[in-house]
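The values are calculated or read from the model by the stated rules, or taken from the named source; none is laboratory data. Everything numeric here is computed off the predicted structure, so don't read it as measured data. Surface areas here come from the heavy atoms of the whole protein model, side chains and all, with no ligands, DNA or RNA. Shrake-Rupley method; radii C 1.70, N 1.55, O 1.52, S 1.80 Å.
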Amino acid sequence: MPDSLRATLTTTVSHPARAIQCPHCRALPGKPCVLRTNGRTLPKPHHTRITAWEQSRA
């Protein structure tokens, strides 16, 4: 399935951690995390991105 189609089929609710850049894959704020090996988008942010977002809120 093409990534463009896959992106439209995912849920429209995005994780609030997408507000910051991912320290793991370097996905920009507002963009989904991607696998570095093949560039596929992930349905949920990397754990390190979630952790960094939580720390930025504290």
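Miscellaneous remarks
- Of all the listed residues (H24, H15), the sole one being at pLDDT 95 or above and open to solvent by less than 80 Å² (accessible area, probe 1.4 Å) is H24.
- The residues of region 43-57 that are open to solvent by less than 40 Å² (accessible area, probe 1.4 Å) and outside any helix (DSSP H, G or I), listed by number, are P45, H46.
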